[in-house]
Structure formats: structure tokens, C-alpha cells
Amino acid sequence: MSLFASMRAPRTIVFGSGQRNAVPGYARPLGQKALIVTDARMGASADLAAMVDGLKAAGLTVAVFDQTLPEVPLECIAQCVAFGRAFGPDLLIGLGGGSCLDMAKVAAVLLRHGGSPRDYFGEFKVPGPVLPLIAVPTTAGTGSEATPVAVVADSERLLKVGIASPHIIPLVAICDPELTLSAPAGLTAIAGADALTHAIEALTAGPRVVDADSSLDHVFLGKNALSDGHAREAIGHLARGLRRSVDNGQDLAARESVMYGALLAGLAFGTAGTAAAHAIQYPVGALTKTAHGAGVACLMPYAMSFNLSHATQSMAEVAVAMGVAEAGDDARGNGERAIVAVEMLFASIGIPADLKALGLREDQLDWTAEQSLGAARLVKNNPRPLDLSAMQAIVRAAFAGDRTRLAH
């Protein structure tokens, strides 16, 4: 395949301890009325109060919506948009974890273009630029500060749904690892594991046959040179920092590695996309109410085992990035080392080892496999073709906790 690269990203990315204090300087040129979208925990925090004071000192009028709920239910979006319309912002600031950032993205769409979130489900449904958006993550996992995707919960659908459009990439992403110091160990673990799955699935995604319309017709473009570079570096930072940040939440160097890795993973999968583990997690999460990061991380070693024969060199690159293999060694052997390294890292931070531990029942396995195929944008990214029998094989192996069942 000839060299192909593509990248969709914020106009400005700022990373570093203390950089949350740069928010007013970036907000000032974008508008005069800023709506901060966050949740109740951050709404009561000193960090939010300091941000509001800084924005006001810079001459902006500020309102805060701090009622964002996990998974971003449509009813909660409606409340945020109604609050926003009454205030009349010309700028949105998302502050918090992935749900807060996704809420801000959807609100930026609806406050500019109107309608319902359902009008924008799928790819390229947002008709044009949205309200200017600054993303300030307080967890290190989703990478939403850098991606063209917002995932929401629609009560009329069992599975979560997404809005995918380059228009919802924040203009500015400000990533301050000091904001993650208060994240508890469990949240740190599942968020960081989510980021590592993003990076691995982006690096091992199947390459596409591309033409001049590819980047115009598809939000996710499969494996490419720019996403590969971001994914490799993300894997290295996450492998070095994740266990340390779970064991000692005040280890700022570890927090920096994990947040930087999550950002890079967002840049990687925001162009390349994710694959089988994420596709299967949609129905698993719907049935078990499992945290997204725990579900995709549980599934990752099984998806890697299934894909090894079709992404051998990419899997070997995962091992090298994680520091468990040398470049140039046997690629198949290195790919196996990558899977073992991922299993060991996830086990060390408390990720469940199989779907049974997540609460999935054996009589739900076939339905899970069938529903997984509905995530077409993820299925087509998988390096090894996925059909119903393939999905069933992965799901059953992950339920049994036995990845040796999966043919390489």
C-alpha cells in the first residue's frame, strides 16, 4: 500500500501542568459569553471557581451548567441546551471527563443548528461549523478533547449511539495533568485502559484502499501514517505510566504520561477509528451496565488474539512500544508478547479478565455477537474480516476467559 496519511485535530493543543490557567486567554478571542459544561463534582470544585474568575477577569460573561450525567442521556442534553439558549453563549467550554466533553460537543451542535440530537446520529450529519468549543479534560481516557465523535444514550435505543463529524472537534484542547490528580484509582484504571485500547486498535486497524474521496466520505479512515505515529507514542506513555498512576494517584510524572498517552490515542483513533473490541462493548455495556473502559479493556486481549494473523507486524509494534520486545525480532513472537503484556497490565490494575466477570450471561452471547455487527464504522476497521461466526468466536472466548480458542 502506498503511503497515506490524514489527520483531523483541534486547531490548538496545549498540554502541561498548570495549563488550565491558559483557558481565559484562548477563550477571549472566541467570544464574550462562555457557557461551561461540566458535572456536579467539578461544579463544586475550586478548579471551576478559578476558571470562572479567570474568564470574568478577561472580560467574559460566564454561565455554568453542572448537571451533566454519565453516558450523556438525551434528556440531560435537552436540559443543557435549554439552559444554553436562555443564556445565549457564543462559546462553550467542556470541563470534565468524556461525558462532559461529549455533552459540550452536542450542545455546540444544537445551539448553532437546532433540532434534536437524533438528527445528527451517524457520520457527516452536522451541516457546518458549530459554536466555538474549548475542551478541558479532567480524566485521562476518552481522548474526546481531540476526536470528531460524541457518544450519547438514547432511551429509545438499547445501544449507545454516536455523532461523528469533523465539525465537532474542539477548536482548542487544554490538557492539564494536575486536573487528574483527584481521580480515584478505579476511574484512573478504566479510563487509562480505554485509552490504551484506542491506541492499539488504531495502530492495528486494517489499512484501506483510498482515493481522493476517502477522507470526505468516511470519518474514520483506517490505519495511516499519522495515526500510527500517534498510536505508537501513546502506547509507550500509557504502558509506562498507567500502573504507577493507579498505585499512586499523586505521582504527577505518571499522571502526565497517562494523560499525554490518552491525548495521543485520541488523535490516533480520531482519524483511524477503533475496531472489534469497541464494537462488542456496545452490546456488552448495554446488557451489563459496565463502564466503557472496563468492557473494551476486558475484550482487548481476545480481539488481539483473533486479529494477530492479519495484523502481525502492527501487533509486533505494540510489543516494542510497550517495551517488551525489540524491533526486528520475530514479528509473530512479538505479537504474542504484546497480547501477554496487555493482559498482565490490565490484570494489575483490576480490569476483569472475562465477560462472565462483567456480568454477561451465557444466554446473551449470541445476541451480543449479532448486535456487535451493527457498529459498521468499527467493523470495517478490523484488520481481520468480521462476520457473525467471527463475532461469536470472540465473544465466546472472552466469556470463557480462554483466548487460545481463537485461531491465529
For region 15-37, enumerate the residues that are basic (Lys, Arg) and outside any loop (DSSP other than H, G, I, E, B). Arg20, Lys33
Please give the number of the condition Ala107 fails out of (1) closer than 19 Å to Gly270 by Cβ; (2) open to solvent by less than 10 Å² (accessible area, probe 1.4 Å); (3) among the aliphatic types (A, V, I, L, M). (1)
Among the numbered criteria (1) surrounded by fewer than 24 Cβ atoms within 10 Å (Cβ to Cβ); (2) touching a residue at least 24 places away in the same chain (Cβ under 8 Å), which single criterion is violated by Met51? (1)
Would you mind stating whether Ala185 is of a type outside the set (S, T, N, Q), buried (at least 23 other Cβ atoms within 10 Å of the Cβ) and modelled with pLDDT of 95 or more? no
The condition from (1) within 30 Å of Ile168 (Cβ to Cβ); (2) crowded, with 24+ Cβ neighbours inside 10 Å that Pro301 misses is numbered (1)
Pairs with Cβ under 6 Å, 6+ apart, first in region 234-256 and farther than 17 Å from Cys175 by Cβ, second outside any helix (DSSP H, G or I) and of a type in the set (Asp, Glu): Arg244/Asp251
Single unsatisfied condition, Ile77 versus (1) in contact with a Gly (Cβ under 9 Å, 6 or more places away or on another chain); (2) buried (at least 21 other Cβ atoms within 10 Å of the Cβ): (1)
Under 6 Å between Cβ atoms, which residue pairs at least 6 apart in sequence (or on different chains) link something in region 316-338 that is in contact (Cβ under 8 Å) with a residue 24 or more places away in the chain and among the charged types (D, E, K, R) with a partner that is in a helix (DSSP H, G or I) and open to solvent by 20 Å² or more (accessible area, probe 1.4 Å)? Arg332/Thr312
Number of the exception - Ala325 against (1) at negative phi; (2) more than 26 Å from the chain's Cα centre (by Cα); (3) open to solvent by 20 Å² or more (accessible area, probe 1.4 Å); (4) not hydroxyl-bearing (Ser, Thr, Tyr): (3)
Among the residues of region 1-25, which ones are open to solvent by less than 30 Å² (accessible area, probe 1.4 Å), within 22 Å of the chain's Cα centre (by Cα) and modelled with pLDDT of 95 or more? Pro10, Val14, Gly16
In region 127-149, the residues that are in a loop (DSSP other than H, G, I, E, B), of a type outside the set (S, T, N, Q), open to solvent by less than 10 Å² (accessible area, probe 1.4 Å) and in contact with a strand residue (DSSP E or B) (Cβ under 9 Å, 6 or more places away or on another chain): Gly143, Pro148
Tell me yes or no: at least one residue of region 244-259 is within 30 Å of Ser17 (Cα to Cα), touching a strand residue (DSSP E or B) at 6+ places or on another chain (Cβ under 8 Å) and not hydroxyl-bearing (Ser, Thr, Tyr). yes
Please identify the pairs in which a residue from region 163-187 that is more than 21 Å from Ala272 (Cα to Cα) has its Cβ atom under 8 Å from the Cβ atom of a residue that is surrounded by fewer than 20 Cβ atoms within 10 Å (Cβ to Cβ) and among the acidic types (Asp, Glu), counting only partners at least 6 apart or on another chain. Leu179/Asp47; Ala185/Asp247
Residue in region 38-53 that is within 23 Å of the chain's Cα centre (by Cα) and outside any helix (DSSP H, G or I) present: yes
Counting only residues in region 393-407 that are assigned to a loop (DSSP other than H, G, I, E, B) and farther than 12 Å from Asp354 by Cβ, the one nearest to the chain's Cα centre (by Cα) is identified as Leu406
Only one of Gly249, Gly261 that is under 20 Å from the mean Cα position of the chain (by Cα) and of a type outside the set (Asp, Glu): Gly261
Filtered residues of region 323-367 (kept if assigned to a helix (DSSP H, G or I), farther than 24 Å from Ala185 by Cα and not hydrophobic (A, V, I, L, M, F, W, C)): Arg332, Gly333, Asn334, Gly335, Glu336, Arg337, Glu362, Asp363, Gln364, Asp366
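The values are calculated or read from the model by the stated rules, or taken from the named source; none is laboratory data. Remember, predicted model here, so these are calculated numbers, not experimental data. Cβ coordinates were reconstructed from backbone atoms using ideal geometry, including for glycine residues, and neighbour counts include every protein chain displayed. Just the protein is used for accessible areas: all its heavy atoms, side chains included, with ligands, DNA and RNA removed. Shrake-Rupley method; radii C 1.70, N 1.55, O 1.52, S 1.80 Å.
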